[in-house]
Number of protein chains: 4
Amino acid sequence: MNWRESSEKVATALRADAAERDRAGALPVAEVELLRQSGLLELLSTDGWAAANEAARAVAAADASIGHLLGYHYLQQWRTGLFGPPAPSEPGWFWAGVSNPLDADLTMAPVGDAFVVDGFKTFATGAAVADRLVVSATLTGTGEKTTFVVDAHAPGLSYPGEWDNMGQRLTASGGVRFEGVRVEPADVLGVHPDDPVPPRLSLAALGFQLMLAQVYVGLGLGALDAAAVYTRDHARAWTLSGVASAADDPYILAGYGELLAMTRAAGYAVDAAVAALGAAEERGDDLTAEERAETAIVISTAKIAASRAAIETTSKVFEFTGARSTAGKYSFDRFWRNARTLTLHDPISYKAREVGDHFLRGTPPVPSGYS
Amino acid sequence: MNWRESSEKVATALRADAAERDRAGALPVAEVELLRQSGLLELLSTDGWAAANEAARAVAAADASIGHLLGYHYLQQWRTGLFGPPAPSEPGWFWAGVSNPLDADLTMAPVGDAFVVDGFKTFATGAAVADRLVVSATLTGTGEKTTFVVDAHAPGLSYPGEWDNMGQRLTASGGVRFEGVRVEPADVLGVHPDDPVPPRLSLAALGFQLMLAQVYVGLGLGALDAAAVYTRDHARAWTLSGVASAADDPYILAGYGELLAMTRAAGYAVDAAVAALGAAEERGDDLTAEERAETAIVISTAKIAASRAAIETTSKVFEFTGARSTAGKYSFDRFWRNARTLTLHDPISYKAREVGDHFLRGTPPVPSGYS
Amino acid sequence: MNWRESSEKVATALRADAAERDRAGALPVAEVELLRQSGLLELLSTDGWAAANEAARAVAAADASIGHLLGYHYLQQWRTGLFGPPAPSEPGWFWAGVSNPLDADLTMAPVGDAFVVDGFKTFATGAAVADRLVVSATLTGTGEKTTFVVDAHAPGLSYPGEWDNMGQRLTASGGVRFEGVRVEPADVLGVHPDDPVPPRLSLAALGFQLMLAQVYVGLGLGALDAAAVYTRDHARAWTLSGVASAADDPYILAGYGELLAMTRAAGYAVDAAVAALGAAEERGDDLTAEERAETAIVISTAKIAASRAAIETTSKVFEFTGARSTAGKYSFDRFWRNARTLTLHDPISYKAREVGDHFLRGTPPVPSGYS
Amino acid sequence: MNWRESSEKVATALRADAAERDRAGALPVAEVELLRQSGLLELLSTDGWAAANEAARAVAAADASIGHLLGYHYLQQWRTGLFGPPAPSEPGWFWAGVSNPLDADLTMAPVGDAFVVDGFKTFATGAAVADRLVVSATLTGTGEKTTFVVDAHAPGLSYPGEWDNMGQRLTASGGVRFEGVRVEPADVLGVHPDDPVPPRLSLAALGFQLMLAQVYVGLGLGALDAAAVYTRDHARAWTLSGVASAADDPYILAGYGELLAMTRAAGYAVDAAVAALGAAEERGDDLTAEERAETAIVISTAKIAASRAAIETTSKVFEFTGARSTAGKYSFDRFWRNARTLTLHDPISYKAREVGDHFLRGTPPVPSGYS
């Protein structure tokens, strides 16, 4: 089975009970195990960046939470390679990260020949079900930023954060507590000043932005797919429409076409962003600030388009499935709930401002946790 | 306490635990009791049509399910007056109806000096918690349409329909079964041919359309109100915004303004529809088909505007409250879930077609259960 | 002939050659004469504020430039009444104003027992074809603001400004030069500090905002009317549509319905704004700052809704008339050109911000030339 | 100078006086000569399909009429290659076509050893200024469709059609009259049944659809470029904005970003369509109906996205340039006039329907002059 078949198989399995699992809102232990068994967790190393992105989108179309987890898994592995050789991974390891820029930093103190990390971070997507974590912290003393890898089950790590959210319910996006967690020097990926971050390392934030856009596209496509099945198999022609079936309704047909056009155009923009970030990463230490800025704008453009498409699509498709499709058992609202939640990751208005300022005055996006 | 104060008091009480009650999704027994105690159930007879509409909107802003129930309660009382003197009501009686046009008709058979009604209807909003029902059926033999009033607890009536929906969860919109339910001649409001329905009686369908629009406006206003509280009290200024608080953010301020403009404009359109339907009802038997058509168009216009405003507003406000406002405890998604559910009552595209055809060619809307 | 018939007659006459006159772009001398002959110029004094607004909207639907001129004519007369008794007018006098807040002020210097005014102002809509002007200036010495009336043909007045614009081409919105223009004390309406402007006098700026919104609604309705004639009489059914005529096309029918809903809802909002401003004016010196703020918000809300509706409608209607309706002879683009031009009077984003800030924090709009 | 430099040079030259030339609305004789001198007319044969598309987009951004002419020139050359080897061309030849599917067909009658063509066709973009024409006709007798090449100055050809349109004014899109025009057998590209058209030949209609989308994207980009120059160099900060320059205005910055995201996403979709059509053409006679359908959908999707982006962008940019940018001398309205005109080529609602029907039920677009 090649990776496209594997991702389609995973998607099919997730689609089958996505509504029930969304309602239950449990930790995605079984889902991560499904990814593990599928072999998809190794895809970045075996088939590369573009394949990993494609798989994340396909899985997100079936279950946006799990697509989000898979995308971030790839992203965490990928970003370890920004510091040097990618961090070693074992078959079956699921990776997650701890780096919410809006929280106070974790502190990392040298103790003997190693380090000890303390603090609390929120919104650590996937960490509670992960094998390995990529973590950002601040060195006591120098105030430098550091990034390291740690076993997700290491002593001193705990996951008290309950994640009970209106959307992306299966992403285990609760908090992580570090209490005297020991980190070996060999697991430190790099140390760098906070400002300016070297262009190469600053690509990590762009990777998150891109992967969010990837999930948005998946969400739009997934909502369209699920709605189409319902329109074909369950929806009734409207009593005043004069047509024989919902699938003959002119408004429904054109409605699908408009949303597909918007969503697919966003998908092409995200494809271009995947290529741009891949190319920027390959530039290595030669990457200039200007190239970094151009890359950032391609990604931000895609993210805006994908965000608008996901919100519009996941809300509008109900007009093609009708009143009875709002029955609780279908949970079709999960597409909008997921899209609405995830598109708030950071405000789209400021992404638009960033793109506009670059266009109007050539202003480069200031590297940050979000740009 | 005047009725405006009463409706505000009810709204305040409902707002306080709307999120919890939405999650629980129980039958709205306590909520109907709250309406009963408030005196609002008598508002149509004491203060008239415009006041009843205003109260329904205000309650819907706090809890769209209960606003929906209250609006339909008034509507059912009001429509009994289309047949002659309004059906007598007792203080504290809560009214609902049974008339989903998409189901097979209930049958009403003359038996002795009375009638017996049999059948099953879905989507009987509020019936399971009502005191009195206004019911549509078809007379065996003649095939004429008939409308009657019945005690909601009469022998032979049962409410098996579970209502578990993504939105409008507290409207008790499950089904109603009639098994040999006895109806006295004195409780029959009227009998009329199915086609053409006399213009005066055909106003009933317009009343439903109007009351839906009323709830849509309430939903938009309610979402804006709830979001504003959060923006003021909880939202953080975006880290890259350069402003001190979320309430200073230029995008958030203008965003509220745009949605308010859209929602308030829809509200004015609905006000005009309330006046138009009131005037048509007062025309009584003099109401012409052309006047009826003009009235229908004013209502349909308002419904389209209100529907678009509710969907846009309830989804967009999250951009003014931010990522943390998606926490499950707030249930802010209920506004969109309610709006999305209720705006599917009948397809808005066909309302638009109806308005367009009247404008372009003077085509009168064909009286039906939805127009 | 009552005023509604008169305004309909004027509208019909203007509609007949609106395309040709738009292309020619001449000074609207004949058009003002048409208004003069119709008796509509006296409407504010004979039938009041609401009638004047309705007539301006009706004329704007036929020719937005002339509706704009008529609305501003009423507005100038109306604002003289904010200072005391309305300035006396003669039958047939056409009023305009000179007060662009973005230009340097005209200076008004006491000379003997009168005043002399000097300076240049741009965007003096209608002044070049007016009989009487209402003018704002600054008193030399005190720096106080003053408002006066002057004969539009008084010595020292000239209208060098060519007005050649993409839209509102017949509004004579060029500049006015004052060179030693003598103003009698009896023609001075009032003198007041620049900051704070007394609430009553500050209503003038709201009147402009309202009248702009009135023209926007007229533009939307006018575009729909013109398009409907074309769809009915000239448009072909699309070759792949399977319907017999363009007026049977489902997308065209629903398209009209959507735009009508948006435009009519905006119209109702503007109606409410007319009533609000009328009520505020009647409060006279008792008008509080808070009442003034509430009035301003009702008007701004209406203006946002009307602006969005006009832009959307005047651009979208072409999808209901088709490729051949873009022939130059029809000049159907004038609706959008007019709407796009006039909706830029002052930025709609700052109106939205104003409404949002009032909603969120109760911030009253700061009285200015635009709010 | 490579072709990118050439197309940029042409774009710069066209941009310099685009407003004046738009107003004059003359036959684009000088503009075609400019293309001729630039060497761009040979681009399809020297650098291929993708380069030709990119050049057409770049020129369309500067002047949508001339970009349209250039795109159709490439398209006509390209479509001759669907019948066999591409028709021979000479350096400097400008190609156009005559094939409006909505007119009655031209008739082609065998006379002696050649053919004689008669009839009249409208909307023959570029024909009046062309060197060679690709023409569709119907063979008398068999009723078969035929396509041939003819010298645009051949005896019997005349161009009476005045083209005076609100947009795309420089495309010479008037009519062409054929009166006994002689066509040699060697100039006949092919003869085929009308139904079914062989898949390969049916790609011609898709080429037109794609090239229209290409111009739409160019229009959006061109409007943004022109507006940005004005915002930077001429626009004033709004008086109530509190910022120092228009280019600091948060609404203007984010506004540009939103439109760029929409327009660039559409551009990526069109890029994908260019690749898809190129691949389909390379399949030659092996092209299956299913592959043809997939190709059509990729193109239709891109066309919908590009159409929506062009209409929205060309209208909205005025909010970033302000009231004074509506002065006639700038002719900034030409972007919207061009976009509005060209996006009506065939109704976008039916494109949306086509995409929706393919998605929902796998319905292949029926090959026609528009699909």
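The values are calculated or read from the model by the stated rules, or taken from the named source; none is laboratory data. Predicted model, so just to flag it, every value in this text is computed and none were measured. Every residue, glycine among them, receives a Cβ derived from its backbone with ideal geometry; neighbour counts consider all protein chains shown. All accessible areas refer to the heavy atoms of the entire protein, side chains included, with ligands and DNA or RNA removed. Shrake-Rupley method; radii C 1.70, N 1.55, O 1.52, S 1.80 Å.
The value obtained for region B:226-345, namely the Cα convex hull volume divided by the number of residues, is 111 Å³ per residue.
Taking D:Glu20, D:Glu281, D:Glu354 as the candidate residues, the one with maximal mean-square fluctuation in a Gaussian network model of chain D, Cα springs under 10 Å, is D:Glu20. Region C:329-345 and region C:167-213 have Cα centres spaced 25 Å apart. The charge dipole of the protein assembly as shown, taken about its Cα centre with unit charges on the Cβ atoms of Lys, Arg (+1), Asp and Glu (-1) only, comes to about 0 debye.
Residues A:Lys303, D:Lys9, sorted by accessible area with the largest first, give D:Lys9, A:Lys303 [1.4 Å probe; ligands and nucleic acids excluded]. Of the residues D:Arg79, D:Arg334, D:Arg36, the one that moves most in a GNM of chain D with alpha-carbon contacts below 10 Å is D:Arg36. Extent along the principal axes, Cα only, for region D:95-192: 43, 24, 20 Å, with the longest axis given first.
Axis angle, to the nearest 10 degrees, between helix C:3-16 and the longest C-alpha principal axis of chain C: 60 degrees.
Using Cα-Cα distances under 8 Å and only pairs 6 or more residues apart, what relative contact order does region C:3-80 have, in percent? RCO, region C:3-80: 38 percent. Counts of other chain beta carbons within 10 angstrom of each beta carbon in peptide D:297-308 average 4. C:Asp233 label point (Cα plus 7 Å toward Cβ) to equivalent points in the other copies: 4.5, 5.3, 6.0 nm, shortest first.
The charge dipole of region A:203-361, taken about the Cα centre with unit charges on the Cβ atoms of Lys, Arg (+1) and Asp, Glu (-1), comes to about 780 debye, rounded to the nearest 20. Restricting the calculation to Cα atoms, region C:1-148 shows an Rg/Rh of 1.02 when the hydrodynamic-style radius is the Kirkwood one. Mean partner shielding of peptide C:244-251, defined as the number of other chain Cβ atoms within 10 Å of each residue Cβ, is 5. Mean partner shielding of peptide B:336-348, defined as the number of other chain Cβ atoms within 10 Å of each residue Cβ, is 5.
For region C:237-347, carbon and sulfur atoms together expose 52% of the accessible surface, with a 1.4 angstrom probe and every protein chain in place.
Measure up A:Lys316/B:Lys316; A:Lys121/A:Lys303; D:Lys316/D:Lys351; B:Lys121/B:Lys145; C:Lys9/C:Lys303 against 19 Å on the Cα-Cα distance and list the ones that go over.
A:Lys121/A:Lys303; D:Lys316/D:Lys351; C:Lys9/C:Lys303
Shown for C:Gly278: label points 7 Å from Cα along the beta-carbon vector, and their distances to the equivalent points in the other copies, 1.7, 6.6, 6.7 nm in ascending order. For chain D, the longest principal axis of the Cα atoms and the long axis of helix D:333-342 meet at an angle of about 30 degrees.
Considering only alpha-carbon pairs that sit under 8 angstrom and 6 or more positions apart, the relative contact order computed for chain D is 17 percent. Per the accessible-area calculation with a 1.4 Å probe, the total area buried between chain B and chain C rounds to 3200 Å². The 1.4 Å probe gives accessible areas that order C:Ser38, A:Ser325, largest first, as C:Ser38, A:Ser325. Per residue, the accessible area of region B:220-357 comes to 30 Å² when a 1.4 Å probe rolls over the protein heavy atoms. Beyond 50 Å, what share of the Cα-Cα pairs of the protein assembly as shown is found? Please give it as a whole percent. Pairs farther apart than 50 Å: 38 percent. Considering chain D, its Cα convex hull presents a mean projected area of 18.8 nm². Over region A:95-192, with every protein chain in place, what whole percent of the accessible area is carbon and sulfur at 1.4 Å, could you tell me? That share works out to 52 percent. Taking the Cα atoms of region D:4-74, the ratio Rg/Rh between the radius of gyration and the Kirkwood radius comes to 0.95. Per residue, the solvent-accessible area of region C:1-135 (1.4 Å probe, heavy atoms of protein chains only, all protein chains present) comes to 38 Å². Distances between copies at D:Pro86, taken between label points 7 Å from Cα along the C-beta direction, are 4.2, 7.2, 7.9 nm in increasing order. Binning the alpha carbon pair distances of region D:192-246 at 10 angstrom intervals from zero yields the distribution 20, 23, 18, 15, 11, 9, 4, expressed in whole percent.
Within region A:67-90, find all residues whose amide N lies under 16 Å from a label point positioned 7 Å from the Cα of A:Asp151 along Cα-to-beta-carbon. Only A:88-90 fall inside the zone, counting backbone N under 16 Å. Considering helices alone, the calculated mean residue ellipticity of the protein assembly as shown at 222 nm is -17000 deg cm²/dmol, with DSSP H runs of length four and up weighted by -39500 (n - 2.57) and normalised per residue. Computed from Cα positions, the angle between helix D:289-316 and the longest principal axis of chain D comes to roughly 30 degrees.
For chain B, modelled as a GNM whose springs connect Cα atoms under 10 angstrom apart, the maximal fluctuation among B:Ile304, B:Ile348, B:Ile66 occurs at B:Ile348. A dipole drawn for region D:3-80 from +1 and -1 charges on Cβ atoms has a positive end, and of D:Ala16, D:Gln77, D:Ile66 the residue lying farthest that way is D:Gln77. A simple packing score, the average count of other Cβ atoms within 10 Å per residue, orders the peptides B:109-115, B:196-202 as B:196-202, B:109-115, with the highest score first. Only Lys, Arg, Asp and Glu carry charge here, each on its Cβ (+1 for the first two, -1 for the last two); on that basis chain A has a dipole of about 1080 debye about its Cα centre.
For region D:147-157, backbone phi angles converted through the Karplus equation (6.51, -1.76, 1.60; θ = phi - 60°) give residue-by-residue couplings of 10, 9, 10, 8, 5, 5, 10, 4, x, x, 9 Hz, Gly and Pro being listed as x. Of the residues C:Gly278, C:Asn338, C:Pro193, the one whose Cα sits farthest towards the positive end of the charge dipole of chain C is C:Asn338 (charges of +1 on Lys and Arg Cβ, -1 on Asp and Glu Cβ, taken about the Cα centre). Distance from the Cα centroid of region B:24-65 to that of region D:284-304 is 56 Å (rounded to whole angstrom).
On the rotation that sends chain A to chain C, the chain A Cβ lying closest to the axis gives residue and distance in whole Å as A:Pro250, 2.
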